[in-house]
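Visitor: My structure is below; once you've seen it, I'll send some questions.
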Amino acid sequence: QVQLVESGGGLVQPGGSLRLSCAASGIIFSIYTKAWYRQAPGKQRELVAAITTGGITNYADSVKGRFTISKDNAKNTVYLQMNGLKPEDTAVYYCNVRRQLNYWGQGTQVTVSS
């Protein structure tokens with residue numbers, strides 16, 4: 001059974017930082033493309049960042065230069081380092097791994113507010 005468990009969300013002031021983690025089990029983690037998505041209230045889910053098996057990354061324009069996606073295959077974990085957080089980054093953040101199939105975590109809330 002595939003499980004993705006996110007952690008690290010919370011409430012942070014504008015300009016602050018958070019690091020999200022997503023621990024995977026039940027899959028051969030290294031062969032999957034990993035990604036983080038987010039969904040704000042009333043909006044569609046959107047891609048935030050992705051990292052391929054070869055380590056190639058891509059980011060949404062809105063987070064370039066502020067967010068960094070990374071992975072640790074030995075720990076079956078993907079991370080999202082978020083710096084310079086803005087109120088518009090407020091959303092539920094979801095971990096995703098994909099190959100022929102897509103798997104999703106349960107989501108973790110990130111709230112950026114003073």
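Visitor: With a 1.4 Å probe and all protein chains left in place, how much of the accessible area of region 30-89 comes from carbon and sulfur atoms, in whole percent?
Guide: Here carbon and sulfur together make up 48 percent of the probe-accessible area.
Visitor: Can you compute 3J(HN,Hα) from phi for each residue in region 16-33, using the Karplus curve 6.51 cos²θ - 1.76 cosθ + 1.60 with θ = phi - 60°, rounded to whole Hz and x for Gly and Pro?
Guide: x, 10, 9, 10, 8, 10, 9, 9, 10, 9, x, 9, 7, 3, 5, 8, 9, 6
Visitor: OK, next. Taking a cut-off of 23 Å between Cα atoms, list the lysines near residue 64, but don't count ones fewer than 8 places away on the same chain.
Guide: Here the lysines satisfying the reach criterion relative to residue 64 are 34, 43, 86.
Visitor: So for the chain, averaging the separation of alpha carbon pairs under 8 Å that are six or more residues apart and normalising by length, what relative contact order in percent results?
Guide: RCO, the chain: 36 percent.
Visitor: Rounded to the nearest whole Å², what accessible area per residue is found for the chain with the 1.4 Å probe?
Guide: With the other protein chains kept in place, the chain gives 53 Å² per residue.
The values are calculated or read from the model by the stated rules, or taken from the named source; none is laboratory data. Note that the structure is predicted; figures quoted are calculated from it, not measured. Remember, those area values only see protein heavy atoms, side chains included, never the ligands or the DNA or RNA. Shrake-Rupley method; radii C 1.70, N 1.55, O 1.52, S 1.80 Å.
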